[in-house]
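Below is one structure; the comments refer to it alone.
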Amino acid sequence: MKWETGRRSRNIEDRRGRGMATRGGRGVSVGGGRGVAVGGGFGTLLLMLLVAFLGGDPSDMLSGGSAGGDYYAAPGATSPQEEQLADFTSAVLADTEDTWHAIFQEQIGQPYQEPRLVLFSGSVDSACGFAQAAMGPFYCPADERVYIDLSFYEDLKYQLQAPGDFAQAYVISHEVGHHVQNLLGISSQVRRLQQRASTTDANDLSVRLELQADCFAGVWANHAQRSRQILEQGDVEEALNAASQIGDDRLQQETRGYVTPDSFTHGSSEQRVRWFQQGIQTGELAECNTFDVASL
C-alpha cells in the first residue's frame with residue numbers, strides 16, 4: 001500500500017502507556033457498559049482461545065468504568081517499529097477522512113463528521129465502558145471514536161494469519177465504516193430492532209451491520225484508489241484474506257470444532273469477502289444495503 005507520502009490525521013489521541021492490563025494477562029472484564037461498542041470481530045479468535053467467547057457483542061466485554069475524556073498522554077518507551085505502525089495508522093485514518101468527505105458530498109449531499117482514533121496499550125476507558133486489548137479494535141458510537149492497540153497488528157499477522165499493510169488498513173477502514181453507519185443513523189436503528197428481536201434475529205441484524213461495514217471498507221478502497229492510486233500489487237488479496245480469516249464459521253470451527261450459523265454475529269468468511277468485494281468493485285453506498293437482501 002502506498003501510504004508514506006499521504007498526509008497524517010489530526011484526529012489521533014495517543015493514550016499508550018496508560019493501560020492497566022498487559023498483553024500477557026489478556027483477561028476479560030464483563031459488565032454493563034453505558035454504550036454499545038461495535039467491533040470488527042478482529043480480536044475474536046484470540047478471545048475464543050482464551051475464554052471460549054463465541055461471537056458475542058463486544059459490548060459484553062465492556063465494564064462500566066468512568067468514561068474517558070479528551071486527553072493526550074505522552075506514550076512510554078516505544079520501539080521504532082511501533083512508531084511506524086502509529087504513523088501508518090494516522091496516514092490511513094487521514095485517507096479515510098479525505099475519502100468519506102468526498103463520498104458524503106457526492107452521494108449523500110451532507111458533510112462528513114470525522115471520528116477520532118485512540119491508540120492505547122493493554123486497556124482503555126471509553127464512553128462505552130472499560131475495554132481490554134484482547135477484544136481487538138472497536139468503535140464506540142457514544143464518543144465517536146475508534147480504539148486500537150497497535151499490538152493487534154502483530155496478532156493479525158501471526159495469530160489470524162493475515163499479514164500485510166493493506167490487511168491492517170482494512171481493519172481501520174472497517175471500524176470507520178461503523179462510524180459511517182453511526183452518522184447515517186443505521187446503528188441506532190439496528191439497536192432498536194435488536195431490543196425487541198429474538199436472539200437469532202438479533203444475531204442476524206448484527207451480521208448485516210458487520211457485513212455492511214465490510215462493504216463500506218471496500219467503498220473507501222475503491223475511491224481512494226481512483227483518487228490517489230494507493231494500491232500496490234497484492235493489496236486487495238491481503239484485505240480479502242483478512243476478511244476470510246475472521247469469518248464466524250472459520251473461528252468457530254477452529255475453537256470448538258463445529259459451526260452454528262444461528263450464533264453468527266459478524267458473518268461467514270465467504271460473506272465477509274463477498275461484501276468487501278461488493279464495495280471495492282462498485283464504490284457505491286447504495287450497493288452496501290445488506291438489510292435489503294434475502295441472502296447475504
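Values in this text are rule-based calculations from the coordinates and carry no lab data. Because the structure is predicted, anything quoted here is derived from the model rather than measured. Cβ coordinates were reconstructed from backbone atoms using ideal geometry, including for glycine residues, and neighbour counts include every protein chain displayed.
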Legend entry - Calculated FRET efficiency for the pair Glu287/Thr200, C-beta based, R₀ 35 Å, to 0.05: 0.85
Inset, instruction - Please give the peptides 179-187, 151-159, 226-234, 136-144 ranked by average Cβ packing (other Cβ atoms within 10 Å per residue), highest first, as a rough proxy for protection. - result: 136-144, 179-187, 151-159, 226-234
Legend entry - Principal axis dimensions, segment 74-143 - Cα atoms, whole angstrom, descending: 43, 30, 20
Inset, instruction - Quickly rank 253-261, 269-277, 283-291, 208-216 as a protection proxy: mean count of other C-beta atoms within 10 Å, highest first. - result: 208-216, 269-277, 283-291, 253-261
Inset, instruction - Based on a Kirkwood Rh over C-alpha pairs, give the Stokes-Einstein translational diffusion coefficient of segment 166-225 at 25 °C and viscosity 0.890 mPa s in µm²/s. - result: 203 µm²/s
Legend entry - Cα gyration tensor of segment 144-258 - equivalent ellipsoid semi-axes, whole Å, descending: 25, 20, 12
Legend entry - Segment Tyr158-Gln107, extension gain: residue separation times 0.36 nm, minus the distance between their alpha carbons: 14.5 nm
Legend entry - Added length on full extension, which subtracts the Cα-Cα distance from 0.36 nm per residue, Gln81 to Arg226: 49.2 nm
Inset, instruction - Quick one: dipole size for segment 99-237, taken about the Cα centre, charges +1 on Lys/Arg Cβ and -1 on Asp/Glu Cβ, in debye to the nearest 20. - result: 440 debye
